[in-house]
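Notes to accompany the following structure.
The values are calculated or read from the model by the stated rules, or taken from the named source; none is laboratory data. For clarity, every value in this text was computed on a predicted model and none was experimentally measured. Here the Cβ positions follow ideal geometry from the backbone for every residue, glycine too, while neighbour counts run over all protein chains shown. All accessible areas refer to the heavy atoms of the entire protein, side chains included, with ligands and DNA or RNA removed. Shrake-Rupley method; radii C 1.70, N 1.55, O 1.52, S 1.80 Å.
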Amino acid sequence: MTYQTLCPTDLITVLMTLGHEAPHVALLRHDQNTPTFEESHHSLQQSLCHWAETLTHCPIGYMEQLYTFSSFPMQGAIPHIHITYLALSPSHPHACHGSLYQHFPWEDRRSETGNAQLAQFIIAIEQWATHHPDRQSRIAPAFGLYDLPWDDTRVLERYELLWESGLVPRTLPTAHTTPHGDDRRLLATALSRLRARIRYSPAVFELLPKAFTLLQLQQAIETLSGRFMHKPNFRRLVLHQNLVEETGAYERFTAGRPAKLYQFRPAAMASCYLGSAFLPIEAAH
């Protein structure tokens, strides 16, 4: 079936922040309230960034186009086109979808509850893939099976396999909001992208205050990746690459020896590589 009429299009900004022990997200829909372009805005992204900052009162330091997808509100209906952007902020908006690990608890490998659920899912999805070589070839890299390593960036692949196998629903209503039909897929896409970015780019610094301790930086990456890092390796990588510089100040109100405060060095923008600081994780069985 082909469509000759203009498809309805909406714009969605996925605003990511750091919450307590989990990344938090707010979905900002620019449908009826799409910002008008101003002469000072030279791109759609710049216009949306300005609109999102005005709406949430959160400064946005990083924004990129995330994904464009279509959905069908009902069978035979004209498809809706969704153009999505990922934005990062160190501040928290008042209204949000809450913790991403509420939507994907199995993605937090630091959590006993998340690991227990993942272990149950792996048993079920291996049964689902039995006698289906194509399914087995898909679940192996997604879940770190059959001697393959766990890849924390494969959030979307894991979610789609869990949904396809009937183990999780497409939507997960919460007390904060009632998500649209494809919101969980969109959130999985955003978390996948951000987990990849923090390995090979300074994106994590856009989620932190201007001055931070090395421990706060490590905890931020652990929170986003859902896994623990090797502390000595992490500090060695950060300092060896000159990613940060001392501010000359110390963290206040801490027990014991005050920790030094650091800030990101913009000159290190192209040399950020933290992927090897992650500890290997055994697949859950």
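At a 1.4 Å probe radius, carbon and sulfur cover how many percent of the accessible area of the range 99-143? Could the numbers behind the result be given before it?
Working: 1040 of 2080 Å².
Whole-percent figure for carbon plus sulfur exposure: 50.
Leaving ligands, DNA and RNA out of it, work out the accessible area of THR113 with a 1.4 Å probe and give it in Å² to the nearest 10.
So the heavy atoms of THR113 present about 110 Å² to solvent.
Any idea of the accessible area per residue across the range 77-209, 1.4 Å probe, to the nearest Å²?
43
Can you check what the net charge comes to around LYS260, using other residues whose Cβ is under 14 Å from the Cβ of LYS260 (Lys, Arg +1; Asp, Glu -1)?
In short, 0.
Ordering ARG110, ARG236 by how much accessible area each has at a 1.4 Å probe, largest first, what is the list?
Ranking ARG110, ARG236 by accessible area, largest first, yields ARG236, ARG110.
If we count every other residue with Cβ under 10 angstrom of HIS103's Cβ, Lys/Arg +1 and Asp/Glu -1, where does the sum land? Mind dumping the intermediate values first?
Numbers: positive: ARG184; negative: GLU107, ASP183.
Value of the local net charge: -1.
In whole Å, what are the Cα extents of the range 93-139 along the three principal axes, biggest one first?
Largest first, the range 93-139 extends 48, 21, 12 Å along its Cα principal axes.
How would LEU239, LEU194 line up by accessible area, probe 1.4 Å, largest first? All intermediate terms of the calculation are to be shown ahead of the outcome.
Numbers: LEU239 85, LEU194 5 Å².
Putting LEU239, LEU194 in descending order of accessible area: LEU239, LEU194.
Which residues does the label zone of GLN127 cover in the range 135-173, counting backbone N under 15 Å from a point 7 Å along Cα→Cβ?
Residues 165-168 fall inside that zone.
Under a 1.4 angstrom probe, counting protein chains only, how are GLU107, GLU160 ranked by accessible area, largest first?
GLU160, GLU107
What chymotrypsin sites (Phe, Trp or Tyr not before Pro) in the range 102-202 are in a loop by DSSP, with at most 12 other Cβ atoms within 10 Å of the Cβ?
Taking the range 102-202 and a limit of 12 other Cβ atoms within 10 Å, the loop chymotrypsin sites (Phe, Trp or Tyr not before Pro) found are TYR146.
Taking the alpha carbon gyration tensor of the range 226-267, what are the square roots of 5 times its eigenvalues, largest first, to the nearest whole Å? Don't skip to the answer; put the middle values down first.
On the way: eigenvalues 78, 57, 15 Å².
So the three semi-axes of the range 226-267 are 20, 17, 9 Å.
Put a dot 7 Å past each Cα toward the Cβ at PHE228 and ARG170; how far apart are the dots in nm?
Label-label distance for ARG170 and PHE228, simple model: 3.9 nm.
In nm, give the distance between the simple-model label positions of ALA119 and THR247, each being 7 Å from the Cα along the Cα-to-Cβ direction.
Computed distance between label sites ALA119 and THR247 equals 4.2 nm.
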